[in-house]
1. First select every other residue whose beta carbon is under 14 angstrom from the beta carbon of G487; then total the charges, Lys and Arg +1, Asp and Glu -1.
2. Per residue, how much accessible surface does segment 251-305 expose to a 1.4 Å probe? Answer in Å², no decimals.
3. Please report, as a whole percent, how much of the solvent-accessible surface of segment 248-339 comes from carbon and sulfur atoms (probe radius 1.4 Å).
4. Shape verdict for segment 204-332, please, from the Cα gyration tensor: rounded (a/c under 1.5), prolate (a/b greater than b/c) or oblate.
5. Hey, with R₀ at 35 Å, roughly what FRET efficiency would R568 and T186 work out to, going by the Cβ-Cβ distance, to 0.05?
6. Stretch Q393-I432 to full length: gain in nm at 0.36 nm per residue minus the Cα-Cα span?
7. At V607 and L341, where each label point lies 7 Å from the Cα along Cα→Cβ, what is the point-to-point distance in nanometres?
8. Given the peptides 315-322, 444-451, arrange them by the average over their residues of other C-beta atoms within 10 Å, most packed first.
Amino acid sequence: MVICGVHFNMISFLGILVLYQIFSIGNTLAHDQTLITKYCEAKNVRMGTIFSCQRKRDNTKKIISLSKVGLRFLNIDINDTQNQNFPLDQLDQVLRRNYYHLAVIIDSSCIDFADFIIQDKKYFYETYHWLIPTTTQNLNKTLNFLLKAPLNINSDVNVAILNEEPNEWSILDVYNPASSHHGQFTVIKLGYCNETNGFQAKINGNKYWTRKNMSGVRFKSAVVVPDPSIKLNDYLTSEENRQLNSMHRFQSVTVNYCREMYNFSLEIQRTDSWGYLTPNGHFDGLVGLLERRLVDFGSSPLIYKLDRMPVIDYSFGNWVLRSTFIYRRPKIIEASYRIFLRPLSQTVWICIVLMMVLLMLFLKVIFSREKHNMVDSSWSFLFLFTLGAFCQQGATCHPQLLSSRTLSVFIFLFCILTYQFYSASIVSYLLIDPPRKINNLKDLSDSNLRVGIEDILIDRNYFVQTTDPIAIELFNKKIIYGNNNSGFYEPWEGLDLVKQGGFAFHVETSTAYPIIEETFTNEEICELEEVQMYRTQPMHTNLQKNSPFREMMNYCMLHLVENGIMDRLRKYWDARKPMCIESAKKFTFNVGLKEFSSGLIVLSYGVLFSLVLLLRERIAYKKEYIRGLFRKKNVVQPFTN
């Protein structure tokens, strides 16, 4: 009886235990469903993955229950992963971070077997929302699991502890500012979750502001310093000669603001290149360091380039790169004869010629009536008289008749009015600013200006990669001169050639403007014009590919923008354009030999023509003299006694 009684009691106890376990599983299942539903509502996600080791029947019930409230979850049995029934190479297909924000739920009762999940850092990203339901007994085991996980400042991991109160959970926020940089593992109680109030455990404010104390973790960075003779520390801390590589020093200053904001330390190294493809298919310089993960982010900005996109990530664009051709406005040198003909239209010139002919006819009629031939009335003299009146030379004769004098007076009045219009137009043409004839790169290529390029890698690489036919034509026509180095200059050297005139220099405006303001006169500044070879474009903060610190840097840079610090730094490091003070301009001008050449040519032709006439007259005189002598020899003298 005792044995039978004991046996009966044992059977009863086992039955009660089984019923308790079934009830506990069903109760836990109900708790988990409430927690997961409220969590997904708070995180605004509709899809996810559950890693569990419960019975398949229970897991199926859980998935079906979640689907009834609009949540699409996939269940993965951790036991299958241990038995190698689940291929781990398909984990990316399950956790598709590139397409969705996903909720990832882990059963804490078998979390010891979930180490395969933390083998890849990319699963603890902004797009993954981790929830680990656990109990007080399993809390330490759960935290030890997370201690080994590659958590960073961007991770979103919550641990839910089931309380004694029915269907209520305490929510913990678990993160590490930078686990791979020996950051401090941090656990903070956020709030609670229950069926009545929902998920009341949100971070107050922005996540990156709440977690801004990174407890001094050490990051590595790199800055581009092309000149090896520059001392790095002095270069980054000094504010002298701000035009020297302004973009790198500006970016370094903004990164230092982020360093102070997030309380991390920084180890900076130097490199001599932004990063360009090498023959082996990899990048050199800053991009190469990021590609090989030797630095965490750059302290020099980079422009967007398609070949860099697969190996680095871009963050906030805080520097604006503007490079342009700067040159003094060239004078529009017309043909010299056009300068002298330009003041009067073709119709006016024809009218003047006709009027001169008509005046010569009138003068011929009147001068021929002068008494005793007091005035020469030959056609040559009348032409000289009329031309002298137009050239303001005055009268070379003294007419006696009233009609002759009256006509002469009105001829002089007519000529002086014509002369005033003509001379005033010539002077105004020399005084006004010449019209702008170079409006684009094609006009610059076709102009008579010499061209130079600032000797920096950005511009050298541009001519290697560009497909713009006009830029290629300009490079081949005006820059290389058969030698790849002959068309590249240092900034001060190229701008000195611009100051001399007849030279266009492509340079960054942040570098050029301080030099121009210091060395150019106001008149020279007023003559400057610009033509861009490529568009103005932002330069961005850059990080490793899939870096967990990208959004952190974005938040810092936007914080600087909101506070006005970014605008102040840009105005300080990016030089303003030198101003042309119109009221202080000196109206001085010089007439060059080319403009004056028509006068010399006319004079030369006149001298040559007069010499030819002189020679002809001399020959005619000699012939007449010889004929006279010959006549004298043949004369018969009268006979005299």
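1. -2
2. That works out to 40 Å² for each residue.
3. Ligands and nucleic acids excluded, carbon and sulfur reach 54 percent.
4. prolate
5. Plugging the Cβ-Cβ distance into 1/(1 + (r/R0)^6) gives 0.55.
6. Taking Q393 through I432 to full extension adds about 11.1 nm, to one decimal.
7. Going from the V607 label point to the L341 one covers 2.5 nm.
8. 315-322, 444-451
The values are calculated or read from the model by the stated rules, or taken from the named source; none is laboratory data. Everything numeric in this text was worked out from a predicted model, so none of it was measured. So basically every Cβ, Gly included, is an ideal-geometry build from the backbone, and we count neighbours across all protein chains shown. Side chains are part of the model used for accessible areas, which takes the heavy atoms of the whole protein and leaves out ligands, DNA and RNA. Shrake-Rupley method; radii C 1.70, N 1.55, O 1.52, S 1.80 Å.
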